[in-house]
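Here is the structure we will look at, set down as structure tokens.
The values are calculated or read from the model by the stated rules, or taken from the named source; none is laboratory data. Since the structure is predicted, the reported quantities are computational estimates derived from the model, not experimental observations. Here the Cβ is made from the backbone with ideal geometry for all residues, glycine too, and neighbour counts use every protein chain on show. What goes into the accessible areas is simple: the full protein's heavy atoms, side chains included, and nothing from ligands, DNA or RNA. Shrake-Rupley method; radii C 1.70, N 1.55, O 1.52, S 1.80 Å.
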Amino acid sequence: MAKEAKDGINGAVVASQSHDAYPQDGGTAVISSDAVENPGLPAHRKRVTDLDPKKAKRAERIVFSLFYLSIAGSLGAVLAYMFFPIESGELFDIRLHTLFVGLGMALGLLGIGIGAVHWGKALMHDGESIDYRHPVATNEEDRKTAAEIFALADEESGFSRRTLVRNSLIGALIAFPLPGITLLRSLAPQEYDPIDLLKHTMWDKGVRLARDPSGVPIKASEVTIGSAFHVIPENLYEAEHPLDEKAKAIVLLMRLNKDELKEPEDRKSWSYDGIVAYSKVCTHVGCPVALYEQHTHHLLCPCHQSQFDVSDQAKVVFGPAKRPLPQLPITVDDEGYLIAQSDFQEPVGPSYWERLK
Ligand code: FES
């Protein structure tokens with residue numbers, strides 16, 4: 001059976017069809033003109049806040065309380081930042097800082113969000129209105145004018161007439177994205193092993209540790225307790241691409257009291273008289289870990305605030321990094337200069353999925 005119905009918005013009569021309009025035997029479909037009364041929109045129901053001024057007042061109180069809560073949360077976050085500084089480097093302080101600053105900001109945002117939603121739902125105007133649709137197409141005259149403009153542009157540019165120019169332009173536009181697509185090839189497996197490239201640096205047995213950037217070798221006696229050196233291999237500038245090599249081999253050198261070092265048995269020989277050397281390349285995404293806090297023995301990466309405990313194998317104590325900084329095994333030569341015992345024992349830099357120990 002087929003039906004006709006009035007459109008709920010503008011009252012126009014429209015035809016609609018039921019399944020009966022399509023015969024199962026494949027015969028001709030018939031549309032009848034039985035009309036169905038437009039049910040229209042359900043009657044508007046007023047909200048409790050429209051009917052009861054006390055409830056409206058209560059909703060108003062809730063809304064401004066939420067906004068005040070938001071103000072308190074935002075100010076609280078500022079105060080938490082001031083009263084729980086992370087500069088002490090203590091893990092407990094850092095946790096308090098993160099907790100209260102985060103809570104304050106969350107309250108600040110939620111207060112505004114929930115308050116605004118409640119305001120809109122309970123107090124703002126609740127009437128229904130109709131926005132009529134208009135035809136999307138422009139009128140016949142405008143379309144004709146547009147077609148004439150295109151025809152004129154075609155005539156003046158000679159786009160259809162000068163076929164060689166047109167076809168070569170189409171060819172150029174097709175070729176243009178090809179270099180970009182070709183670059184995707186670099187994501188495919190390579191002939192060389194990228195792991196190998198990252199696994200080896202210029203450090204090797206007997207290579208002296210030198211100051212960055214002068215390349216002056218460092219004696220163990222020059223490294224006082226609490227001091228930190230930025231270090232490169234002494235032979236760095238002999239490399240074909242010194243900057244590339246430096247990016248992998250750069251090291252931080254620090255001296256601690258020997259009894260402050262927590263060294264596992266198999267690593268006790270990797271330090272020299274309290275002097276330890278760690279890769280400066282952050283294991284998060286590779287920024288240079290540049291800040292050393294002497295009293296906490298923490299190294300801080302300025303990019304995303306990862307912190308590494310130098311006294312405990314440069315383990316991660318805070319932040320997004322997932323593994324300790326690789327340690328460079330060191331000792332001294334006959335003249336008292338610090339030298340590497342070998343290369344790093346694991347790849348330096350960010351963690352990646354093919355990384356092998
Ligand atoms: S690169 Fe160091 S924390 Fe992100």
* Just checking, how many residues over segment 282-299 are near the ligand (Cβ under 9 Å from one of its atoms) and open to solvent by 10 Å² or more (accessible area, probe 1.4 Å)? -> 5
* Asked: Given the conditions (1) touching a residue at least 24 places away in the same chain (Cβ under 8 Å); (2) within 15 Å of the ligand (Cβ to nearest atom); (3) open to solvent by 10 Å² or more (accessible area, probe 1.4 Å); (4) in a loop (DSSP other than H, G, I, E, B), which single one is not true for Cys303?
  -> (1)
* **Residue among Val231, Val216 that is buried (at least 16 other Cβ atoms within 10 Å of the Cβ), of a type outside the set (Phe, Trp, Tyr) and closer than 24 Å to Gln294 by Cβ** => Val231
* Structure fact -> If you go through Leu197, Leu209, the only one that is assigned to a helix (DSSP H, G or I) and surrounded by 12 or more Cβ atoms within 10 Å (Cβ to Cβ) is Leu197
* Asked: Can you tell me which residue in segment 264-281 is nearest to the ligand (Cβ to nearest atom), limited to those that are out of contact with any Ser or Thr (no Cβ under 6 Å at 6 or more places or on another chain) and in contact (Cβ under 8 Å) with a residue 60 or more places away in the chain?
  -> Val281
* May I ask you to verify whether Asp343 is outside any loop (DSSP other than H, G, I, E, B) and acidic (Asp, Glu)? => no
* Asked: Of the residues that sit in segment 35-51 and are outside any loop (DSSP other than H, G, I, E, B) and without any contact (Cβ under 8 Å) to a residue 12 or more places away in the chain, which one is farthest from the chain's Cα centre (by Cα)?
  -> Leu51
* Structure fact -> Taking segment 319-336 and keeping only residues that are open to solvent by 10 Å² or more (accessible area, probe 1.4 Å) and more than 24 Å from Val223 (Cα to Cα), one is left with Gly319, Pro320, Lys322, Arg323
* Please list, ordered by first then second residue, the pairs with beta carbon atoms under 8 Å, 6 or more apart or interchain, first in segment 93-109 and closer than 9 Å to Gly73 by Cα, second of a type in the set (Val, Ile, Thr). => Gly104/Val78; Gly108/Ile71
* Hey, does segment 326-349 have a residue that's within 13 Å of the ligand (Cβ to nearest atom), not hydrophobic (A, V, I, L, M, F, W, C) and not assigned by TED's automatic domain parsing to the domain that holds Leu243? -> yes
* Structure fact -> Sole miss for Val316 among (1) in a strand (DSSP E or B); (2) open to solvent by less than 10 Å² (accessible area, probe 1.4 Å) is condition (2)
* Only one of Ser221, Ser214 is more than 20 Å from Gln327 (Cα to Cα), in contact (Cβ under 8 Å) with a residue 40 or more places away in the chain and not β-branched (Val, Ile, Thr); which? -> Ser221
